[in-house]
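Chemist: Handing you this structure, nothing more for now.
The values are calculated or read from the model by the stated rules, or taken from the named source; none is laboratory data. Computed from a predicted structure; not experimentally measured. In this analysis, Cβ positions are derived from the backbone assuming ideal geometry, glycine residues included, and neighbour counts consider all displayed protein chains.
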Amino acid sequence: EDQVTQSPEALRLQEGESSSLNCSYTVSGLRGLFWYRQDPGKGPEFLFTLYSAGEEKEKERLKATLTKKESFLHITAPKPEDSATYLCAVQAKGGKLIFGQGTELSVKP
Amino acid sequence: DTEVTQTPKHLVMGMTNKKSLKCEQHMGHRAMYWYKQKAKKPPELMFVYSYEKLSINESVPSRFSPECPNSSLLNLHLHALQPEDSALYLCASSLQGLSTGNTIYFGEGSWLTVV
């Protein structure tokens, strides 16, 4: 069965304290892995798409990496404005986007 | 420009009302989606339109009725809803349909409260 698990469920960081969010997946025939950021009361904002193991993408303080079983979202020197829920989703051969439960990130000044 | 526009942003309706949610995109995307999201949960797929044809209905109750008038517009007609239908309704689009690995872009959502 296709499955996506994100950890931790919640993460509290001090401003400037780098960390990583994990997304583990088991899918048949990965078509793509997606990271989104979601602020309270708003729709998910697209961050990255990764397609194959070894791929990496960066945007400002965020860097996403992909292996055959998991993806990491590394946050370097986070700021309070990085506080949000980060969603990981995979698209398998079956087609539908399968979401993890999300990681709620809080960055304190 | 990766923009999906949804209206209204907030909607309060009674259980006997009929209302509609609207979604528009001008990115030339040929697949459009409706998702429902409850607090602290990930989005759940409701419907998928591919090239203006309904391709997936995730066993959604008939009180939700989707419509795709053209490749840029997507509506969700609401009738006789229940309080448990209160949620954030998200419209999304992608260049092509599912199984392609295309990125799915979401709108800001419409907050629906059923009283």
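Chemist: B:Trp111 fails exactly one of the following numbered conditions: (1) out of contact with any Gly (no Cβ under 9 Å at 6 or more places or on another chain); (2) modelled with pLDDT of 95 or more; (3) within 14 Å of another protein chain (Cβ to nearest Cβ). What is the number of that condition?
Modeler: (1)
Chemist: To continue, here is another question. Got a number for residues in region B:1-21 being among the basic types (Lys, Arg) and closer than 19 Å to A:Gly41 by Cβ? So that I can check it myself, show each step before the final result.
Modeler: Filtering region B:1-21 down to residues among the basic types (Lys, Arg) leaves B:9, B:18-19.
Adding the requirement that they be closer than 19 Å to A:Gly41 by Cβ leaves B:9.
Adding up the residues that qualify gives 1.
Chemist: Considering only residues of region A:42-80 that are of a type in the set (S, T, N, Q) and assigned to a strand (DSSP E or B), which is nearest to the other protein chains (Cβ to nearest Cβ)?
Modeler: Step by step, filter region A:42-80, then rank; the result is A:Thr49.
Chemist: Within region B:42-58, is even one residue touching a residue at least 40 places away in the same chain (Cβ under 8 Å), within 14 Å of another protein chain (Cβ to nearest Cβ) and assigned to a loop (DSSP other than H, G, I, E, B)?
Modeler: Yes, because at least one residue in region B:42-58 is touching a residue at least 40 places away in the same chain (Cβ under 8 Å), within 14 Å of another protein chain (Cβ to nearest Cβ) and assigned to a loop (DSSP other than H, G, I, E, B).
Chemist: Looking only at residues in region B:15-41 that are of a type in the set (A, V, I, L, M) and in contact (Cβ under 8 Å) with a residue 60 or more places away in the chain, which one is nearest to the other protein chains (Cβ to nearest Cβ)?
Modeler: Among those residues, the one meeting the criterion is B:Ala31.
Chemist: Pull up region B:59-85, narrow it to residues that are of a type in the set (A, V, I, L, M, F, W, C) and without any contact (Cβ under 8 Å) to a residue 40 or more places away in the chain, then point me to the one that is nearest to B:Gln25 (Cα to Cα).
Modeler: So the first thing to find is which residues in region B:59-85 are of a type in the set (A, V, I, L, M, F, W, C), and the list is B:60, B:64, B:68, B:73-74, B:76, B:78, B:80-81.
With the extra rule that they be without any contact (Cβ under 8 Å) to a residue 40 or more places away in the chain, the set shrinks to B:60, B:64, B:68.
Numbers: B:Val60: 23, B:Phe64: 21, B:Cys68: 12 Å.
Ranking the candidates gives B:Cys68 first.
Chemist: Output the number of residues of region A:81-95 satisfying the condition of being in a strand (DSSP E or B) and more than 9 Å from chain B (Cβ to nearest Cβ).
Modeler: Total satisfying the criteria: 4.
Chemist: Next up: Test each condition in (1) without any contact (Cβ under 8 Å) to a residue 60 or more places away in the chain; (2) in a strand (DSSP E or B); (3) more than 26 Å from B:Glu3 (Cα to Cα) for A:Tyr25 and report the one that comes out false.
Modeler: Checking A:Tyr25 against (1) without any contact (Cβ under 8 Å) to a residue 60 or more places away in the chain; (2) in a strand (DSSP E or B); (3) more than 26 Å from B:Glu3 (Cα to Cα), the one that fails is (1).
Chemist: Another question, then. Which residues, counting only those in region B:93-108, are within 8 Å of chain A (Cβ to nearest Cβ) and not aromatic (Phe, Trp, Tyr)?
Modeler: Within region B:93-108, B:Gly97, B:Leu98, B:Ser99, B:Thr100, B:Gly101, B:Asn102, B:Thr103, B:Ile104, B:Gly107, B:Glu108 meet the criteria.
Chemist: Do we have B:Ser50 as among the small types (Gly, Ala, Ser) and exposed (fewer than 15 other Cβ atoms within 10 Å of the Cβ) here?
Modeler: Working: among the small types (Gly, Ala, Ser): yes; exposed (fewer than 15 other Cβ atoms within 10 Å of the Cβ): no.
In short, no.
Chemist: Same structure again: Working carefully through the options A:Thr85, A:Thr103, A:Thr49, A:Thr67, find the one that is surrounded by fewer than 15 Cβ atoms within 10 Å (Cβ to Cβ) and polar (S, T, N, Q). Don't jump to the end; show me each part of the working.
Modeler: Values: A:Thr85 fails: surrounded by fewer than 15 Cβ atoms within 10 Å (Cβ to Cβ); A:Thr103 fails: surrounded by fewer than 15 Cβ atoms within 10 Å (Cβ to Cβ); A:Thr49 fails: surrounded by fewer than 15 Cβ atoms within 10 Å (Cβ to Cβ).
After applying the criteria, what remains is A:Thr67.
Chemist: Being within 19 Å of B:Lys9 (Cβ to Cβ), away from chain A (no Cβ under 14 Å) and outside any strand (DSSP E or B) is true for just one of B:Leu81, B:Leu76. Which residue is that?
Modeler: B:Leu81
Chemist: Has region B:13-22 got at least one residue that is of a type in the set (Ser, Thr, Tyr) and closer than 23 Å to A:Ile98 by Cα? Quick ask: steps written out before the conclusion?
Modeler: Taking region B:13-22 and keeping what is of a type in the set (Ser, Thr, Tyr), we get B:16, B:20.
Within this subset, residues satisfying the condition of being closer than 23 Å to A:Ile98 by Cα are none.
No, region B:13-22 contains no residue that is of a type in the set (Ser, Thr, Tyr) and closer than 23 Å to A:Ile98 by Cα.
Chemist: Something else now. B:Gln37 fails exactly one of the following numbered conditions: (1) loosely packed, with under 15 Cβ neighbours inside 10 Å; (2) modelled with pLDDT of 95 or more; (3) among the polar types (S, T, N, Q). What is the number of that condition?
Modeler: B:Gln37 satisfies every listed condition except (1).
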